[in-house]
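Working notes, structure below.
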Amino acid sequence: MRVLAIDPAVRNTGYAVLEGDPRTPMVLTFDVISIPVRLPQSAALSAIRTHLVNVIQKFQPDEVAVEGIIYVQSHQTAISMGAARAAALIAAADHGLRVYEYAPRKVKMAVVGKGTADKSQVAFMVRILLGLAATPPPDAADALAIALAHLQAADPLKAKLLERRLV
């Protein structure tokens with residue numbers, strides 16, 4: 001299986017493409033789509049969609065995994081995150097890709113074993129689990145973690161074990 005994972009945000013959207021299964025994941029690419037602050041939000045959303053469309057066309061993923069909605073204290077932040085998420089979902093929908101959502105807590109549990117892990121713990125574990133030479137930037141690390149969680153969820157044995165841990 002090849003999965004495109006996305007950690008959406010208007011200014012820094014992380015993405016990763018992994019192939020394989022939970023025991024033998026292979027990283028094909030990961031990066032952060034960084035949008036300059038001077039660019040209006042509408043142009044930023046278009047840039048996110050365009051960049052993700054290019055990734056989809058280049059790597060031909062079978063599925064897309066995206067971080068689910070999280071609680072934020074600011075309405076403005078929630079609206080902005082929702083807009084970035086929509087740009088990512090539209091890119092996937094335009095290519096007929098099925099989208100799976102994962103709560104941040106579930107992603108952290110899958111990668112770190114603790115649903116309350118912080119970003120540095122997630123990045124460190126992603127580096128170890130995938131055998132990366134360096135720790136990826138936080139937004140890319142989150143996307144890699146989402147991809148790992150998706151590969152685990154797609155594996156029937158791992159999915160059952162993960163659900164037991166979450167209950």
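A compact table of results
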| item | result |
| --- | --- |
| GLU63, sole failed condition from (1) over 16 Å from LEU4 (Cβ atoms); (2) within 17 Å of the chain's Cα centre (by Cα) | (1) |
| Residues of region 102-130 that turn out to be surrounded by fewer than 16 Cβ atoms within 10 Å (Cβ to Cβ), farther than 23 Å from GLU63 by Cα and of a type in the set (Gly, Ala, Ser), as a count | 3 |
| Members of region 31-52 found to be part of a loop (DSSP other than H, G, I, E, B) and surrounded by 12 or more Cβ atoms within 10 Å (Cβ to Cβ), listed by number | ILE35, LEU39 |
| Lone unmet requirement of (1) in contact (Cβ under 8 Å) with a residue 60 or more places away in the chain; (2) surrounded by 19 or more Cβ atoms within 10 Å (Cβ to Cβ); (3) not polar (S, T, N, Q) for VAL55 | (1) |
| Matching residues in region 58-82 - criterion: being surrounded by 14 or more Cβ atoms within 10 Å (Cβ to Cβ), touching a residue at least 60 places away in the same chain (Cβ under 8 Å) and not in a strand (DSSP E or B) | SER80, MET81 |
| Filtered residue count, region 72-101, keeping only those that are modelled with pLDDT of 95 or more and β-branched (Val, Ile, Thr) | 2 |
| Residues of region 1-30 that turn out to be acidic (Asp, Glu) and either part of a strand (DSSP E or B) or within 15 Å of MET125 (Cβ to Cβ) (or both), as a count | 2 |
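The values are calculated or read from the model by the stated rules, or taken from the named source; none is laboratory data. Since we're looking at a predicted model, the values are computed, not measured. Every residue, glycine among them, receives a Cβ derived from its backbone with ideal geometry; neighbour counts consider all protein chains shown.
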